[in-house]
Amino acid sequence: MKANLLFAALGLFLLLAGAHSVSAADWIFATVDYGGDCHLITIDTTTGAVTDIGIVTVTGQPGHETGITGLSMHTDGNLYAFDTSGNQIITIDPATATAALVTPVGADLGGWMYGLAIEPNGDYYVTGDQLRKGTLPGPTDPVGDEQARDTDSCDLAPDGTLYATDDYDGLMIIDTATGDQSLVAEWTDSNMAGLAVEGSMAWAIENRDVAPGNQWLVQIDLETGEVSPIFELPHGYYLATALPVLDTVSGTLDCAPSSGTLPFDATFSVSVYNNHPKVRRRMAMRLDVHLANGTWFKNWVAGYRVILGGGVYDYTFMETIPSDVSTTGINRFVLVAEDVTPAPYNQPPFPSSGDLGVADCEVEGIAP
């Protein structure tokens, strides 16, 4: 086995691979009104199953009835929310639903506010009948004039674009410098709650104004506005959604065919993912080759690559498994990808580095 050729191929993968959008978080946060109480829940995006974490209660504010219409999981690990009942930003413990006050949004609110989106650097936006901007943990100031279309939910794409839904069943882009709105698409009889952007799409919940039980987890194409229903949800009035912050790196490694008479050609398909939907990360990768005779090769690949938030680098290459006593039997290939993002981007408010993603595959060499 000429392991150096495999490492050269993996190095080529680092140099040539392109970035793509990664979709399908395994689950998302959401808030829902069940009979007057606002609950924090999670929704499994692969099955539609809902887990009720509990009623959102704000510490030090007994009897306060929360209305959580904006959710945003920040890179500092906190789940932030906009509470319409108090016009305030709070943090919610994702394990217990217990909340704590961060800051009032502002004393000069002329109308109502609804959505919340937070930049990695701590700047945040609140949407409603006017765009407002602040920096955590401080209040907000208005941006521009009162908006032509009142906006509900909002979220930021990895490139900084602020998307929002509105009272008129529309998807729009809001200019964060001026507050100006650009309409992307309009829908019919759709009341979208929550907007959790993941790559080129967004998760949302459609509260249809028809029969009870017609609440759906949907995906929205951010370029066209096309809505794709995914799962019907238990009845309730859904308010907000947010993506979780995951371990930043994962990977896959596929080998085909999985066996063959020596010598034969095997195709290796490698993918390394940046699971954080917003923040670019620097990744290092290596390929560990465990030959059938017990020999172990290990080599760090020279050169690191930055993968955009919600992005993936992938590459496919072919390698000849030679006819050799060392390759007769099960040969195991292990892809190891590590987040090596340097300071200051590996410190709060950004994710820490050190996350590790491991994937492997096996190729059996059969003696001729």
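Largest GNM mean-square fluctuation among 70, 54, 309, using the chain with Cα springs under 10 Å: 54. Comparing 349, 165, 231 along the charge dipole axis of the chain, the residue lying farthest to the positive side is 349, per the Cβ-charge model. For the chain, the Cβ-based charge dipole about the Cα centre amounts to some 1620 debye (Lys, Arg positive; Asp, Glu negative; other atoms uncharged). For the range 128-214, the list of chymotrypsin sites (Phe, Trp or Tyr not before Pro) that fall in a loop by DSSP and count at most 13 other C-beta atoms within 10 angstrom reads 168.
Taking chymotrypsin sites (Phe, Trp or Tyr not before Pro) across the range 63-113, the ones in a DSSP loop with at most 13 further Cβ atoms lying within 10 angstrom of their Cβ are 112.
Compared with the dominant principal axis of the Cα atoms in the chain, helix 3-16 is inclined by about 30°. When +1 charges are put on Lys and Arg Cβ atoms and -1 charges on Asp and Glu Cβ atoms, the dipole computed for the range 27-242 relative to its Cα centre reaches about 540 debye.
Counting only DSSP H runs of at least 4 residues, each contributing -39500 (n - 2.57), and dividing by the residue count of the chain, the helix-based mean residue ellipticity at 222 nm comes to -1000 deg cm²/dmol. Taking one quarter of the surface of the C-alpha convex hull of the range 27-242 gives a mean projected area of 10.9 nm². If you add up the charges near residue 47, with Lys and Arg at +1 and Asp and Glu at -1, over every other residue whose beta carbon is less than 15 angstrom from its beta carbon, what do you get? Neighbour charge sum, excluding residue 47 itself: -3. In this simple spin-label approximation, residue 121 and residue 52 carry label points 7 Å from Cα along the Cα→Cβ vector, and these lie 4.3 nm apart.
Shown here: Cα extents along the principal axes in Å, derived from the displayed model; of the candidates (1) 78, 46, 39; (2) 66, 51, 32; (3) 69, 44, 40, it corresponds to (1). Shape class of the range 54-110 from the Cα gyration tensor (axes a ≥ b ≥ c, square roots of the eigenvalues): oblate, since a/c reaches 1.5 or more and a/b does not exceed b/c.
Computed from the coordinates by the stated procedures, all read-outs in this text should not be read as laboratory data. The shown structure was predicted, so the numbers you read here are calculated from the model rather than taken from an experiment. Note: ideal-geometry Cβ built from the backbone for every residue, glycine included; neighbour counts use all protein chains shown.
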